[in-house]
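Below is one structure, written out as structure tokens; comments come after it.
The values are calculated or read from the model by the stated rules, or taken from the named source; none is laboratory data. Everything numeric here is computed off the predicted structure, so don't read it as measured data. Virtual Cβ from ideal backbone geometry, glycine too; neighbours counted across all protein chains shown. Note: accessible area is taken over every heavy atom of the protein model, side chains too, but ligands, DNA and RNA are not part of it. Shrake-Rupley method; radii C 1.70, N 1.55, O 1.52, S 1.80 Å.
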Amino acid sequence: MAVKVYGLPISTCTSTVIICLNEKQLDFQLLHVDLFNGEHKQPPFLAINPFGQIPALEDGDLTLFESRAITSYIANKHKETGPDLLLHHQSPKEGAIVKQWIEVESHHYNPSITPIIHEFFTARLRGHEPNQRLIDQNLERLRAVLDVYEQRLGSTKYLGGPWYTLADLHHLPCTFYFMKTPWASMVNDRPNVKAWWDDISSHPAFLKVIEGMSTFDFGGDDKK
């Protein structure tokens, strides 16, 4: 039985889960949640995720929410299928490095890039001009993070080491949107980061979701 994913392809968190499922070549059913009419705040969906945020996943009798928890579950359950996204078949040391960079994305990269994306793309949808001061503050934060990435990627192909893992995959949706802003040069002007981005964004598992990421609304995302 195919797993069920509740969410929307335009959601960065939902698309992260879909990319992971695609990497593992798994069948899934995407059940759209109508954020515009508040479906994510109604009792049927709150029974799935009491925080009223997308995505959520159902796999048999298991229900999960929070995108990073979902991708970790997929990578663990299907470790023999597709790429080894958590390096189960490598040493504990290499697996720990991957988990470290997963945390870096969560605590440093994402909190910097997400406010830029949200403000740039959704402000006008809400009837006001983007808050450039907020954008500038987060651009400064993001520059510092990307400087660390540039150094890291000068010595290894991917963030977690020589193999593509969840540490890289988790960057895809937000960076995809960021590259459509006026500040894409922050990636393009860092040769190691640019080479890494060109590599990971060319994965077929990601290319399959791009068509659905054509509009911008993040109102119901989980914290990613």
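Per-structure values
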quantity	calculated
Heavy-atom accessible surface of the chain: percent carbon and sulfur, 1.4 Å	53 percent
Nitroxide proxy distance, nm - points 7 Å out along Cα→Cβ at Asp136 and Leu62	4.7 nm
Rg over Rh, two decimals, the stretch 120-224 (C-alpha only, Kirkwood Rh)	0.98
Residue range of the chain that is longest and free of GluC sites (Glu not before Pro) which are both DSSP loop and sparsely packed (at most 14 other C-beta within 10 Å)	81-210
Å² per residue, accessible surface of the stretch 139-188 at 1.4 Å	36 Å²
When each of Lys24/Lys157; Lys77/Lys194; Lys41/Lys157 is checked by Cα-Cα distance, pairs over 30 Å	Lys77/Lys194; Lys41/Lys157
Percent of beta bridges antiparallel (DSSP, the chain, rounded to nearest 5)	55 percent
Candidates Phe28, Phe65, Phe36, ranked by Gaussian network fluctuation over the chain, Cα under 10 Å, top entry	Phe36
D_trans [Stokes-Einstein, Kirkwood Rh over alpha-carbon pairs] for the chain, 37 °C, 0.692 mPa s, µm² s⁻¹	183 µm²/s
Accessible area in the full protein assembly, largest first, 1.4 Å probe, for Ser72, Ser214, Ser15	Ser214, Ser72, Ser15
For the stretch 50-65 and the stretch 102-141, distance of Cα centres in Å	26 Å
HN-Hα J in Hz across the stretch 186-197 - Karplus 6.51, -1.76, 1.60, θ = phi - 60°, x for Gly and Pro	4, 8, 5, 7, 10, x, 6, 5, 4, 5, 4, 5
Extended-chain gain in nm, criterion 0.36 nm per residue less alpha-carbon gap, Phe51 and Arg126	24.7 nm
For the stretch 83-135, alpha-carbon Rg relative to the globular expectation (2.2 N^0.38 Å, N residues)	1.75
Helix-only mean residue ellipticity at 222 nm for the chain, each DSSP H run of n ≥ 4 adding -39500 (n - 2.57), per residue, nearest 500	-13500 deg cm²/dmol
